[in-house]
Amino acid sequence: MSKENSNAAEDASSKPVDFIREIVARDVAEGTHGGRVQTRFPPEPNGYLHIGHAKSICLNFGIAQEFGGKCNLRFDDTNPSKEETEYVDSIKDDVRWLGFEWDQECYASDYFEQLYDWAEELIKQGLAYVDSGTLEEIREQRGTVNEPGTPSQYRDRSVEENLDLFRRMKAGEFPNGAHVLRAKIDMAAGNMSLRDPIMYRIMHTPHHRTGDKWCIYPMYDWAHGQSDSIEEVTHSICTLEFEIHRPLYDWYIAQLRIFPSRQYEFARLNLTYTVMSKRRLLELVQGKHVAGWDDPRMPTLAGIRRRGYTPEAIRNFCRTIGVTKYSGTTDLSVLENALRDDLNTRAERRMAVLDPLKVVITNYPEGESEELDAANHPADESFGTRKVPFGRELYIEREDFMEDPPKKFFRLGPGREVRLRYAYFVRCNEVIKDADGNVTELHCTYDPETKGGNAPDGRKVKATLHWVPVEQSIEAEVRLYDHLFRVENPSDVPEGGDFKDNLNPESLQIIDNAKLEPTLGNVNPGDKFQFERLGYFCVDKTSTAEKPVFNRAVTLKDTWQKVKSKG
RNA sequence: AGCCCGGUGGUGUAAUGGCAGCACAACGGAUUUUGAUUCCGUUAGUCUGGGUUCAAAUCCCGGCCGGGCUUCCA
């Protein structure tokens, strides 16, 4: 259960500017396109959206919102061999979940007819030709980054022949690979994308939206800019790797004399301990290294959502990282911190014991119990309180007891007194062990005077422990997640290595018998709580009333872990 | 190597010719019925060499380093 409220950090008053927003602001001020702002988010439906896309979504939709413009959702579906409807559905879900609504839902495939007509126009202008060379020939003739390419032998075909061939390509008269349509630009250009780029290839593959109407499909460069232009996109925002394509983007628009969309590029998001490429994410899914696209360890929006991340946290994260042209790598802790920040103010507190150690309160009357008041949020009374049953037998976290505690350990030990959260002070009198010497049970006494957690005589304790009653607690499965990769840069592998070699074998730890306070018995998938002293947890989609399942979204900051590891 | 783009504390960013600021991380302290939160403080930066200027992170030139491009992918 988390409280709905608007996050102050999202107020426009703290609106940061980046170089793209500066450009947009300037264009609006100068009245370019009548001050109209039109952006678009253009995913290819061949995979799930990830946190990197969130950066682009926040930028494109955010700019439209801030400048009174519109943002389209456009599927760049020009390669039917890799694209599926499953992906368009998940993409729409993810964009909406992030909190954005598009103006128009567009598909590059809706423009195939227009694109085809424009291609004929270019042919008629002598600016495009059909190349009948093989894939290998074309590749060889392209040259390298050092050497200019050489013109294809088909480069000077007549307009009539080109038109005839192109029409027959469209009509399905040729097999895959027999011909391509190329723009006639400059085979010696320093910019490789200008060396007579391919506009169409023959692909006898049904398309998820156009069926088998087409057997020629446009390439990215030919489809993308023209789609922008058709939608009268004013600011076409994409990532840095397309920067070198910009001259081609401009060239097509200039030759066609169509709406002059402009392209701007920013650095894509890189996160430590994370891989972001769709190819690699697909590999993780298909290789069953994770349980699917929405595995909570995945950086996909679906995974992150299932993990327990909120749209607000992700939007705040995107605001924090900014937008630049520098390709850096953001610490994963920045993302995690954004979640803590958000959930700290909104998540109700509960108690759960993950690794139970039984405690018997020897001076508490047998067979009795009572209900104690616990605050749902320590800093916000409006969250109210709940009752937590207390009795003679309890569970505490095994980690909260040490038989021979070091000086910096504040928690329970033989002869020590600590507070049980919202309950009483208890003192440990006896440590029960099994034959192997493992601690199986603690015998403690409680001080009835300290009910609620304060001592009338003013004495202090150094620690407050969370706990649950043995009798009334419920059992649950709790999944603890750690980084999917054990190194900051998973792609950094030695010669012959694979990024999967860097997978963290301990990225998922399943606890199937965690003990939860009884109020946690009635929850719904997606509900989020802070388990006090442990972290933020989210009810998984597989959770049932009989067997609740919680995912740990993120731990709390843990100073003790730091102290402990430093020795 | 050729072309394009970048380089500000450990990391991500702000300063757009005029006091180098913010966030995360780290470290120290205060408060605390979560070793959480909150609050205060500390450490730490303009890649490098030259030039222009009263004044350069910012403008110019060279170097160094990093990213991208050499798919009938997007």
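Structural remarks
- One residue from A:393, A:417, A:381 being exposed (fewer than 15 other Cβ atoms within 10 Å of the Cβ) and over 22 Å from residue A:558 (Cβ atoms): A:381
- Matching residues, the stretch A:465-498, being under 30 Å from residue A:545 (Cα atoms) and polar (S, T, N, Q): A:472, A:473
- Selection within the stretch A:48-106 - of a type in the set (Lys, Arg), within 17 Å of the chain's Cα centre (by Cα) and surrounded by 21 or more Cβ atoms within 10 Å (Cβ to Cβ): A:55
- Within the stretch A:394-408, tally of residues that are in contact (Cβ under 8 Å) with a residue 40 or more places away in the chain, farther than 23 Å from residue A:517 by Cβ and touching a Pro at 6+ places or on another chain (Cβ under 7 Å): 0
- Of all residues in the stretch A:499-535 being farther than 30 Å from residue A:329 by Cβ and of a type in the set (Phe, Trp, Tyr), the one that is surrounded by the most Cβ atoms within 10 Å (Cβ to Cβ): A:529
- Screening residue A:33 on (1) over 25 Å from residue A:304 (Cα atoms); (2) not in a helix (DSSP H, G or I) shows it passes everything except condition (2).
- Positions within the stretch A:396-414 being over 38 Å from the mean Cα position of the chain (by Cα), surrounded by 14 or more Cβ atoms within 10 Å (Cβ to Cβ) and not in a strand (DSSP E or B), in sequence order: A:402, A:405, A:413, A:414
- For the stretch A:536-546, a tally of residues being β-branched (Val, Ile, Thr) and either crowded, with 20+ Cβ neighbours inside 10 Å or within 16 Å of RNA strand B (Cβ to nearest atom) (or both) returns 1.
- Restricting the stretch A:50-84 to residues that are of a type in the set (D, E, K, R) and either touching a Gly at 6+ places or on another chain (Cβ under 6 Å) or not in a loop (DSSP other than H, G, I, E, B) (or both), the residue that is farthest from residue A:103 (Cα to Cα): A:55
- From the list A:119, A:128, A:108, the one residue that fits, being within 12 Å of RNA strand B (Cβ to nearest atom), small (Gly, Ala, Ser) and either free of Cβ contacts under 8 Å to residues at least 60 places away in the same chain or within 22 Å of residue A:218 (Cα to Cα) (or both), is A:108.
- Condition met for residue A:96 (under 30 Å from residue A:34 (Cβ atoms) and without any contact (Cβ under 8 Å) to a residue 12 or more places away in the chain): yes
- Residue identified as closer than 21 Å to residue A:518 by Cα and near RNA strand B (Cβ under 9 Å from one of its atoms) among A:386, A:411, A:349: A:349
- Candidate set: the stretch A:229-238, residues that are β-branched (Val, Ile, Thr) and more than 24 Å from the chain's Cα centre (by Cα); chosen: the one farthest from RNA strand B (Cβ to nearest atom): A:234
- Unmet criterion (only one of (1) more than 19 Å from residue A:111 (Cβ to Cβ); (2) within 14 Å of RNA strand B (Cβ to nearest atom)) for residue A:286: (2)
- Of residues in the stretch A:532-543 being touching a residue at least 24 places away in the same chain (Cβ under 8 Å) and not in a loop (DSSP other than H, G, I, E, B), the one nearest to residue A:343 (Cα to Cα): A:536
- Condition met for residue A:496 (of a type outside the set (Val, Ile, Thr), crowded, with 20+ Cβ neighbours inside 10 Å and without any contact (Cβ under 8 Å) to a residue 40 or more places away in the chain): no
- Qualifying residue in the stretch A:239-258 (condition: under 23 Å from residue A:167 (Cα atoms), modelled with pLDDT of 95 or more, within 11 Å of RNA strand B (Cβ to nearest atom) and among the charged types (D, E, K, R)): no
- The residues in the stretch A:259-283 that are assigned to a loop (DSSP other than H, G, I, E, B), surrounded by fewer than 19 Cβ atoms within 10 Å (Cβ to Cβ) and within 14 Å of RNA strand B (Cβ to nearest atom) can be counted, and the count is 6.
- Remark: pairs (first residue in the stretch A:544-564, under 26 Å from residue A:314 (Cβ atoms); second residue among the polar types (S, T, N, Q) and in a strand (DSSP E or B); Cβ separation under 8 Å; 6+ apart in sequence or on different chains) = A:556/A:530.
Quick grid of which residues meet (1) within 16 Å of RNA strand B (Cβ to nearest atom); (2) under 20 Å from the mean Cα position of the chain (by Cα); (3) not in a strand (DSSP E or B):
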| residue | (1), (2), (3) |
| --- | --- |
| A:515 | no, no, no |
| A:519 | yes, no, yes |
| A:551 | no, yes, no |
| A:562 | yes, no, yes |
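- Residues that are within 16 Å of RNA strand B (Cβ to nearest atom), within 43 Å of the chain's Cα centre (by Cα) and either crowded, with 18+ Cβ neighbours inside 10 Å or not small (Gly, Ala, Ser) (or both) within the stretch A:440-468 comprise A:461, A:462, A:464, A:465, A:466, A:467, A:468, listed in sequence order.
- Matching residues, the stretch A:440-496, being part of a loop (DSSP other than H, G, I, E, B) and hydrophobic (A, V, I, L, M, F, W, C): A:455, A:461, A:463, A:470, A:484, A:487, A:493
- In the set (1) touching a helix residue (DSSP H, G or I) at 6+ places or on another chain (Cβ under 7 Å); (2) within 16 Å of RNA strand B (Cβ to nearest atom), residue A:139 fails one condition alone, (1).
Residue-wise test of (1) aliphatic (A, V, I, L, M); (2) surrounded by 15 or more Cβ atoms within 10 Å (Cβ to Cβ); (3) within 37 Å of the chain's Cα centre (by Cα); (4) under 20 Å from residue A:251 (Cα atoms).
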residue: A:154; (1), (2), (3), (4): no, yes, no, no
residue: A:163; (1), (2), (3), (4): yes, yes, no, no
residue: A:166; (1), (2), (3), (4): no, yes, no, no
residue: A:172; (1), (2), (3), (4): no, no, no, no
residue: A:175; (1), (2), (3), (4): no, no, no, no
residue: A:189; (1), (2), (3), (4): yes, yes, no, yes
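The values are calculated or read from the model by the stated rules, or taken from the named source; none is laboratory data. All of these numbers come straight from a predicted model, not from anything done at the bench. Cβ: placed from backbone, ideal geometry, glycine included. Neighbour counts: every protein chain shown.
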